[in-house]
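To start, the structure itself, in structure tokens.
Quick note: the coordinates plus some simple rules give every number you see, no bench work behind them. All figures in this text were calculated on a predicted structure; none of them were measured in a lab. Note that we place each Cβ from the backbone using ideal geometry, even for glycine, and neighbour counts take in every protein chain shown.
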Amino acid sequence: MLTRREFTLSLAALAGTQAIARPLTPAEKNARHSVLMLNAACGDAQRLNLFEPAILRVNAGDTVTFLATDSGHNTASKRGMIPQGATPWNGGIDEEISVTLSIPGIYGYICLPHYEMGMVGLIIAGDNLTNLAAASKLRHPGQAHAAFRALLKTLEPHKA
Ligand SMILES: [Cu+2]
């Protein structure tokens, strides 16, 4: 498990390697991203149990790793909130897992222990949000409903 400081340092190291100007290899096109599983928000101890970032935009084919930065969390895709044909995932508590998002669309996911407390997240893979309407129709228990609504609202086209 990485501490926040180690994570920040590894991000800095990654940024350094990417500064080298050369054509991307096919492997680099399938970019890697990380989501932290946290007990409290960095800089806001009042916001408990969250994925950071709660919304992540990636290209289809990219891989997202869920880091067990704090313990007591997991990540599981939410049935009905991933594109048709996409592979669901269900990590164990404190398990760091990587998922490759091959099919474009919206991927909603939850932390099982903190689902009703609103520990949910969205990954947007590509620009083709074909499952947005289906994903928006689901109902969720407790604070998860408002949490998913807030995330999904950011994807709605701005009205003039
Ligand atoms: Cu959790």
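Details
- By the rule of a C-alpha distance below 16 Å, with chain neighbours fewer than 8 residues away ignored, the aspartates and glutamates paired with LYS78 are GLU116.
- DSSP beta bridge pairing in region 29-153, given as percent antiparallel to the nearest 5: 65 percent
- Trypsin sites (Lys or Arg not before Pro) lying in DSSP loop within region 48-121, provided at most 15 other Cβ fall within 10 Å: ARG79
- Size of electric dipole in region 51-149: Cβ of Lys, Arg +1 and of Asp, Glu -1, about Cα centre, debye, nearest 20: 540 debye
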